[in-house]
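Structure, as structure tokens:
The values are calculated or read from the model by the stated rules, or taken from the named source; none is laboratory data. The model shown is predicted, which means the values in this text are computed figures rather than measured ones. Cβ coordinates were reconstructed from backbone atoms using ideal geometry, including for glycine residues, and neighbour counts include every protein chain displayed.
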Amino acid sequence: MSKLITLGEYVIHKQQDFPHATGELSQIFGAIRLASKIVHREINKAGLVDIIGASGSDNVQGEQQQKLDVYANEKFKAAMEARGQICGMASEEEDSFISFNEGHSKGSKYVLLIDPLDGSSNIDVNVSVGTIFSIYRRISPLDGPVQLEDFLQPGNKQVAAGYVIFGSSTMLVYTTGNGVHGFTFDPSIGVFYLSHENMRTPEDGKIYSINEGNYIKFPQGVKQYLKYCQEMDPETNRPYTSRYIGSLVSDFHRNMIKGGIYMYPSYANAPNGKLRLLYECNPLAWIAEQSGGKATDGRRRILDIEPTELHQRVPYYVGSKNMVEKAEEFLRKCP
Ligand code: AHM
Ligand code: MG
């Protein structure tokens, strides 16, 4: 019989795995859990109430925000600020980082980086979206204000990372460096249950995910890798299957479970691609590695890239180890 364990219980139980176990991680997860439930509720009634549609304001990347982006950002911010374990937060929806360095957050050791609602343009058409988060230990002195350098740390310094997928069911998946664990939300009682302990991704896969509409602009190596994916070779299970939702968390989650590669390469007028290193690529790269997969920018390990700015973008290849290595091979030959 399966055991009934909640996310809250599991995090407390696993607290000893956390490098600096003082109970703070479970409180931070408490905040993430609460905000996720609120966002879940809002997303699920998006078709019923007049909340969907562009809010009219642009984010720092010049893209139109949906109302639920703003809503999710506000809820995560409020939940974090109320706890006091996070001294600052950087969000894809904010121009610069926010400091909570007042009152009970003064002297707290962690910063949060978050994409509060990734793929939000999908909400209007009832397609899955996700929240992606990442937690670092601050490096500036605890008695001073939180600094930009606290947020510009390479992904290999993350102490926790995860995502929430708002799909046919809502799931929260996280790692603290001891495997990847998934929890499924039961909305009737408001609880995340442990449903996927120690998630592993297959070393080989059959799915490739990329926006092929940009084909003409892709680097030569990517074009050749795509041709490789589409060629017939029963020995290597090719041709592969093409699947692209256009919602990173959903594409990533499916590929992690089934085996596959997600790619967002550089292209003609976007030398660094589209995805953001700090809010999207690093947390998912760590989860990929922790589940046995790989994440690179085509040459370098994503987690070793030293960030220089908050909203930095990076080409992204993530998923099953052998598939990512094969794509890299094509990129090396033909950058
Ligand atoms: P967003 O953060 O503005 O939502 O953009 C990120 C999203 C990802 O979820 C998705 O994989 C990608 O953008 C899709 O981009 P495109 O439409 O160019 O394929
Ligand atoms: Mg995003």
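Step by step: first the residues of segment 210-262, then only those that are closer than 18 Å to ALA288 by Cβ, of a type outside the set (Val, Ile, Thr) and within 16 Å of ligand 2 (Cβ to nearest atom), then the one that is surrounded by the most Cβ atoms within 10 Å (Cβ to Cβ). Which residue is that?
Per the stated criteria, the residue is PHE252.
Given the criterion assigned to a loop (DSSP other than H, G, I, E, B) and of a type in the set (A, V, I, L, M, F, W, C), identify the matching residue among ILE189, ILE165.
Working: ILE165 fails: assigned to a loop (DSSP other than H, G, I, E, B).
So the residue among ILE189, ILE165 that is assigned to a loop (DSSP other than H, G, I, E, B) and of a type in the set (A, V, I, L, M, F, W, C) is ILE189.
Condition first: in a loop (DSSP other than H, G, I, E, B) and more than 12 Å from ligand 1 (Cβ to nearest atom). Now tell me which residues in segment 244-279 satisfy that.
Within segment 244-279, GLY259, SER266, ALA268, ASN269, PRO271, ASN272 meet the criteria.
Quick check on this structure: which one of LEU172, LEU148, LEU152 is within 23 Å of ILE86 (Cα to Cα) and surrounded by fewer than 18 Cβ atoms within 10 Å (Cβ to Cβ)? If you could, list the steps in order and put the result at the bottom.
On the way: LEU172 fails: surrounded by fewer than 18 Cβ atoms within 10 Å (Cβ to Cβ); LEU152 fails: surrounded by fewer than 18 Cβ atoms within 10 Å (Cβ to Cβ).
The match here is LEU148.
Output the qualifying pairs, or none if there are none: Cβ atoms under 9 angstrom, residues six or more apart or on different chains, first residue in segment 268-283 and among the small types (Gly, Ala, Ser), second residue within 12 Å of ligand 2 (Cβ to nearest atom).
Qualifying pairs under 9 Å: ALA270/ARG313; GLY273/TYR264; GLY273/ARG313; GLY273/TYR316.
Being under 21 Å from SER120 (Cα atoms) and part of a loop (DSSP other than H, G, I, E, B) is the filter here; which residues of segment 192-217 pass it?
Within segment 192-217, ILE210, ASN211 qualify.
Applying the selection to segment 79-128, what residues are within 13 Å of ligand 1 (Cβ to nearest atom) and among the hydroxyl-bearing types (Ser, Thr, Tyr)?
SER91, SER120, SER121, SER128
Which residues, taken from segment 285-309, are surrounded by 17 or more Cβ atoms within 10 Å (Cβ to Cβ) and not in a loop (DSSP other than H, G, I, E, B)?
Correct list: ALA285, TRP286, ILE287, ALA288, GLU289, GLN290, LYS294, ALA295, THR296, ILE302, LEU303.
Can you name the strands (runs of 3 or more DSSP E) wholly within segment 85-148 that have at least 1 residues being closer than 20 Å to HIS311 by Cβ, of a type in the set (Phe, Trp, Tyr) and modelled with pLDDT of 95 or more?
Filter on segment 85-148 gives 129-137.
Please verify whether segment 282-297 includes one or more residues that are out of contact with any helix residue (DSSP H, G or I) (no Cβ under 6 Å at 6 or more places or on another chain), closer than 29 Å to ASN126 by Cβ, modelled with pLDDT of 95 or more and within 15 Å of ligand 2 (Cβ to nearest atom).
Yes - at least one qualifying residue is present in segment 282-297.
Does ASN282 count as among the polar types (S, T, N, Q), outside any loop (DSSP other than H, G, I, E, B), within 16 Å of ligand 1 (Cβ to nearest atom) and buried (at least 22 other Cβ atoms within 10 Å of the Cβ)?
yes
Which residues, counting only those in segment 190-209, are surrounded by 14 or more Cβ atoms within 10 Å (Cβ to Cβ), under 18 Å from the mean Cα position of the chain (by Cα) and away from ligand 1 (no atom under 16 Å from the Cβ)?
Within segment 190-209, HIS196, MET199, ARG200, THR201 qualify.
Just to be sure before I move on: is ARG254 of a type in the set (D, E, K, R), in contact (Cβ under 8 Å) with a residue 24 or more places away in the chain and in contact with a His (Cβ under 8 Å, 6 or more places away or on another chain) in the structure I sent?
Spelling it out, it is not the case that ARG254 is of a type in the set (D, E, K, R), in contact (Cβ under 8 Å) with a residue 24 or more places away in the chain and in contact with a His (Cβ under 8 Å, 6 or more places away or on another chain).
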